[in-house]
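These notes concern the structure reproduced below.
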Amino acid sequence: MRATRLLAAAALLAALLAVSAAAAKLDLDEVDDSEVLEALLAVDEEEEDAAPPGGGGGAEAVRRTQSMVLVLDNDNAARAVRDHPELLLLGYAPWCERSAKLMPRFAEAAAALRAMGSAVAFAKLDGERFPKAASTVGVNGFPSVLLFVNGTEHAYTGLHTKDAIVTWVRKKTGTPVIRIESKDSAEELLKKGQTFALGLFKNYEGTDHEEFMKAATAENEVQFVETNDRNVAKILFPGIASEEQFLGLVKSEPEKFEKFDGAFEEKEILQFVELNKFPLITVFTDLNSAKVYSSPIKLQVFTFAEAYDFEDLESIVQEVARGFKTKIMFIYVDTAEENLAKPFLTLYGLEGDKPTVTAFDTSKGAKYVLEADINAKNLKEFSLSLLDGTLPPYFRSEPVPQEEGLVEKVVGRTFDSSVLQSPHNILLEAHAPWCVDCEAISKNIEKLAKHFSGLDNLKFARIDASVNEHPKLQVNNYPTLLLYPAEDKTNPIKLSKKLSLKDMARFLKEKLQISDVEIKEKLQTPNIETVAAADNVKDEL
């Protein structure tokens, strides 16, 4: 246990080193705010005591940093929430990789808030070491960022970046809008390179301004900015002409400016921001994955490629994406990042060994693949078909098998011909290679196929449903046994996988009205191997 915590200390100290360069660039008081960063990133008192002599810190350092950053435990967690009107808390676990990644960003955000004069107090909690405290304050997973305002808990679910956390905290603590009144302030805002919504209001009053303020309070991720000076506004959004009142979105990407043309109502303003806040091409990362999944833009086109290949494709994708803004979300996934790319590629049954374009409709779970060359013409046609609903969905399939046997191997591409369009009754076994219960069922199916071999109206088939898909095949667990009657392939009959071999044989004979005499007659054939195999099974049945 002690070794684990020492490793955790090393990981957190590494995080401190990673953030030190970024902290130096912040426009903050060098001494005080560097101490805030160190206090947030410092190992807890147990590790400080275990540190070798001369390693810095010590009891005095701990006491000093704890005056700026509360280190919560089972004794003081509830009191800290109760005693501080505004408390920003990071709940983490030493072994959690995502905690280690978030901690520097959280520290930067805390230092930036302190430099702005925010009254928010900062705290951290090792939820693994103090599970009782974690339960008390609502830390249910790692990492967790929670803001308590007069005891009311607000859970942060946004991007794990400094700017996103700062924006969220300011909005939740009564500063939903930043007012810009000079050209110098406008220039400073642009240097930060963050996305923001700009409002121009002559007197900061009226119904439209009230709706703008409501939207600013409700939108947790995008900073809202306002000014009453058109010259200042034009620095931030050069496209402003003679408007007395204006709303636009400013982003740091090729399509930098988006003008709002709707009615000044909270709902419409929020929708405008939500649909336009992503860039033309969103680079998929751990940090923004949740926002991509939950985007209101339900049609999404993914390009999978390594970075050097995407350099040649980026201008093509941007050109096409420009024509589908707010309708289709275009996303790039670096296939070198296996933890990001592999789950998607596996979903499609693709290898990702070359640049690939796929699409997904999150509203109905349908997936698509561009099987033509990736160029502007094909990508545009692919996107148009996706948008108008004429693009055929993609279903995974293994190659069409060449071998034959008593139990026919079915794949996604042959499901229609082998099962749905077959004139025979089909008993289909849906299995998966990793299924521990499938082996015994597979052996029984093979025995049944031998027992009933020679019957013209009954065929046995098997499909690996983990890598083969078909719109008419819905399998929720493995193994699944389905009988497709010849007279009605639309309503397969599900057999219990708990049935014994004898019970399955009895079921087939009764359901398909097969007599023992018929089976015996069909076995009177010169195929000696088939007869011998069937005789061996007969003893078990």
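The values are calculated or read from the model by the stated rules, or taken from the named source; none is laboratory data. Since the model is a prediction, treat every value here as computed from it, not as a measurement. Neighbour counts are summed over all protein chains in view; Cβ atoms, including those assigned to glycine, are modelled from backbone coordinates with ideal geometry. Just the protein is used for accessible areas: all its heavy atoms, side chains included, with ligands, DNA and RNA removed. Shrake-Rupley method; radii C 1.70, N 1.55, O 1.52, S 1.80 Å.
Put simply, of Gly117, Gly193, Gly158 the only residue that is surrounded by fewer than 20 Cβ atoms within 10 Å (Cβ to Cβ), in a loop (DSSP other than H, G, I, E, B) and without any contact (Cβ under 8 Å) to a residue 12 or more places away in the chain is Gly117. In the range 124-154, the residue that is nearest to Leu287 (Cα to Cα) out of those that are part of a strand (DSSP E or B) and open to solvent by 60 Å² or more (accessible area, probe 1.4 Å) is Glu153. Evaluated against (1) open to solvent by 30 Å² or more (accessible area, probe 1.4 Å); (2) not in a helix (DSSP H, G or I), Leu427 falls short on exactly one condition, (1). The condition (being assigned to a loop (DSSP other than H, G, I, E, B) and either open to solvent by less than 50 Å² (accessible area, probe 1.4 Å) or of a type in the set (Asp, Glu) (or both)) is satisfied by just one residue among Glu211, Glu205, Glu188: Glu205. Taking the range 253-295, which residues are in contact (Cβ under 8 Å) with a residue 12 or more places away in the chain, in a loop (DSSP other than H, G, I, E, B) and more than 21 Å from the chain's Cα centre (by Cα)? Glu253, Pro254, Glu255, Phe260, Phe264, Glu265 - these are the residues of the range 253-295 that are in contact (Cβ under 8 Å) with a residue 12 or more places away in the chain, in a loop (DSSP other than H, G, I, E, B) and more than 21 Å from the chain's Cα centre (by Cα). Which residues, counting only those in the range 335-344, are more than 23 Å from Pro296 (Cα to Cα) and not basic (Lys, Arg)? Selection gives Thr335, Ala336, Glu337, Glu338, Asn339. Screening Ile374 on (1) hydrophobic (A, V, I, L, M, F, W, C); (2) without any contact (Cβ under 8 Å) to a residue 40 or more places away in the chain; (3) in a loop (DSSP other than H, G, I, E, B); (4) in the same structural domain as Val292 (by the TED database) shows it passes everything except condition (2). Checking each residue in the range 347-368 for being surrounded by fewer than 20 Cβ atoms within 10 Å (Cβ to Cβ) and among the aliphatic types (A, V, I, L, M) picks out Leu347, Leu350, Ala366.
Residues that are under 22 Å from Pro343 (Cα atoms) and either open to solvent by 30 Å² or more (accessible area, probe 1.4 Å) or in the same structural domain as Pro343 (by the TED database) (or both) within the range 430-473 comprise His431, Pro433, Trp434, Val467, Glu469, Pro471, listed in sequence order. Count of the range 171-185 residues, restricted to those that are over 21 Å from Leu247 (Cα atoms) and open to solvent by 40 Å² or more (accessible area, probe 1.4 Å), is 2.
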